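Enquirer: Before I ask anything, let me first share the structure, which is written out below as structure tokens.
No value in this document is a laboratory result; all are computed from the given coordinates. What you see is a predicted model; the values in this text were computed from it and never measured. Don't worry about glycine lacking a Cβ; one is built from the backbone with ideal geometry, like all the others, and counts go over all protein chains shown.
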Amino acid sequence: MAHRAGERWKWVDGVRVARRPVALAAAVVLILEAFGIVLLNWILSIVVDRQQMSLAGLQPRAMSTGSWVGGILFGLYLLFCAVVLLRCALRDRAPGGFTRIALISCAVVHGMLGAFAVGLVGWVAFLAMMVVLALLVLTLMAYGEGASGDAHGNAENTPNGAPPVAPTSA
């Protein structure tokens, strides 16, 4: 693979990774997932409301509203993570502090959703969750440790101008 001007590459476990396309792909997938989650919860709220479902004495209207609000909040969370990924891709800089924690929590959520999806929905849903998880983890690994790590450097150009350390064998 030839190195294109303006694109940064990083080695992650012996594989050369283009950071920007991976972050962009993860952002697009999260945006689509956010709209899908909101749509799914909207449909669930309609079903609960029309069939007058109740759980432990709750009013059907309260359950319907709870489903709708939960879907919107989860959709906003996914959109926030997508915006963080877009910002990383456009600036080619690692997320720092709170935004990095948000991406890590998003990856954990997708891992847990994948584990639940395999039993409740099937292997296709599990595969979809694992693809999103892989994109998130690859983005986090490719951008390194954020402000304190490899935010601007690569194998040839270290961030603080220090020469790269030669690998040693054990």
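Enquirer: How far apart, in nm, are the 7 Å Cα→Cβ label points at A18 and L76?
Expert: About 3.5 nm, to one decimal.
Enquirer: Based on Cα coordinates alone, diagonalise the gyration tensor for the stretch 27-73, multiply each eigenvalue by 5, take square roots, and list the semi-axes in whole Å, largest first. Mind dumping the intermediate values first?
Expert: On the way: eigenvalues 123, 17, 7 Å².
Equivalent ellipsoid of the stretch 27-73: 25, 9, 6 Å, largest first.
Enquirer: Taking every Cα atom in the stretch 76-146, find the radius of gyration and the maximum pairwise distance Dmax, and write them in Å.
Expert: Looking at the stretch 76-146, its Cα Rg and Dmax stand at 12.8, 39 Å.
Enquirer: So between D92 and Q51, what do we pick up on full extension, going 0.36 nm a residue minus the alpha carbon distance?
Expert: Details: separation 41, 0.36 × 41 = 14.76 nm, distance 4.94 nm.
Extending this stretch completely gives an extra 9.8 nm.
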